[in-house]
Amino acid sequence: MIAAAFWAVVGLLLLRVDALASAERRPAFFAAALGVVGISTVGVVWPVDDIDAALGDVNAIDLVQVLAATAAFWFLRDATRAHTGSAARSRLRWLVAVLLVETVTFVAIPDHVGEPTTYVHEHLHLPATWVHIVVYMLAMGWFAADSIRVLLPRVRGADVLFVIGFALVVLSVVAELVDVTAVFVAGGQTGFSRAMLVTFNSLFYPGLVGIALAHGWRTVRRLSSTLSWRAVSVRLFLISARDRSDGPPALRVPGGPEVAAAQRYIEVRDKIVAGRLEATENEEHFLRRVDARLASGVSAWA
């Protein structure tokens with residue numbers, strides 16, 4: 001399931017590359033990029049020991065995982081707000097504060113020697129380790145729960161996947177908090193704490209897959225709409241290009257895909273009204289469909 005979560009987030013990252021040009025969609029790209037970094041630290045792509053050795057062999061890989069995952073959920077919450085049409089954005093200073101606390105508590109752990117895959121749980125009897133993980137879990141649980149709060153007023157379509165994914169993350173956080181606290185109180189791992197760790201993994205990574213699939217579905221729909229409008233613009237350009245009275249039409253029209261198509265449509269209609277262009281029966285049918293689509297505001301052909 002960890003590998004599935006990794007490749008789901010990688011797929012989302014690839015689909016979101018164009019989001020860098022849009023302030024509204026940029027948080028989703030940052031969330032996916034940080035998610036890839038975070039999941040990479042658990043050894044699904046490169047051996048954990050090799051990564052940790054490259055970082056100084058002091059189990060810094062655990063800190064990288066915590067910082068990346070925390071920041072990923074921070075930006076994921078902003079991406080969720082943008083998806084719901086909210087203009088609100090998280091204040092970066094709170095993220096910096098959380099990351100600083102996570103870093104300080106990690107550095108405060110007296111012993112940084114051990115296997116990267118078991119280091120944290122083997123050191124949970126130390127107060128600094130317990131605080132480090134508790135802060136990490138509370139931050140991710142807070143961001144995930146707040147994302148659900150933003151979505152709940154009206155859940156529709158792929159939003160169901162978002163809510164399920166975030167809910168699984170919140171439940172996994174509860175399981176992990178119980179796990180680390182049980183280890184801290186007992187002074188070592190117990191059968192109960194191991195069961196809670198299994199519960200965390202069984203909930204957290206499926207939750208990530210659900211969130212990634214929901215974002216991926218939205219991205220594919222947006223790309224499909226963009227390509228559809230581009231195709232409309234190309235056909236309108238070819239129709240308009242038959243009129244050479246004022247030279248060929250401009251190859252590029254400013255604005256987004258739908259705006260550009262609307263401008264092309266107006267250009268063609270103006271030429272027809274002016275008697276400079278005569279549309280065929282098929283083209284008239286096409287123009288009526290474009291007109292209806294523009295008027296209805298739908299993103300794809302009915």
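Assorted remarks:
- Listed values (i) 49, 46, 40; (ii) 87, 39, 33; (iii) 62, 55, 36, entry calculated as Cα extents along the principal axes in Å: (ii)
- Gain on full stretching of the segment that runs from Leu227 to His112 - 0.36 nm per residue minus C-alpha separation: 36.2 nm
- Where a label projected 7 Å from the Cα of Val185 along Cα→Cβ would reach, residues of region 122-143 with amide N under 20 Å: 122-138
- Heavy-atom surface of the chain, accessible at 1.4 Å and reported per residue (Å²): 50
- The chain: most fluctuating residue of Asp270, Asp52, Asp159 per GNM, C-alpha cutoff 10 Å: Asp270
- Distance between modelled label sites at Leu100 and Asp246, nm, 7 Å Cα→Cβ extension: 5.9
- Here the contact order of region 131-247, divided by its residue count and restricted to Cα pairs under 8 Å and six or more residues apart, works out to 26 percent.
- Highest GNM mean-square fluctuation among Ser245, Ser40, Ser233, for the chain modelled with Cα contacts below 10 Å: Ser245.
- Surface share of carbon and sulfur [accessible, 1.4 angstrom probe, percent] for region 168-267: 68
- In the elastic network of the chain, a GNM with C-alpha springs shorter than 10 Å, the most mobile of Val101, Val37, Val259 is Val259.
- Longest stretch of the chain clear of exposed loop sites (trypsin sites (Lys or Arg not before Pro), DSSP loop, at most 11 other Cβ atoms within 10 Å, sites excluded): 1-90.
- In this rough spin-label picture, where each label sits 7 Å from Cα along the Cβ direction, the Thr84-Val234 distance is 3.9 nm.
- Pair Val259, Arg93: separation of 7 Å Cα→Cβ label points (nm): 3.4
- Rounded FRET efficiency, nearest 0.05, which uses the C-beta distance separating Asn201 from Asp50 and R0 of 30 Å: 0.85
The values are calculated or read from the model by the stated rules, or taken from the named source; none is laboratory data. Source: prediction; values computed, not measured. No Cβ is skipped: glycine too gets one built from the backbone with ideal geometry, and neighbour counts run over all protein chains shown. The accessibility values were calculated without ligands, DNA or RNA, using every heavy atom of the protein model including side chains. Shrake-Rupley method; radii C 1.70, N 1.55, O 1.52, S 1.80 Å.
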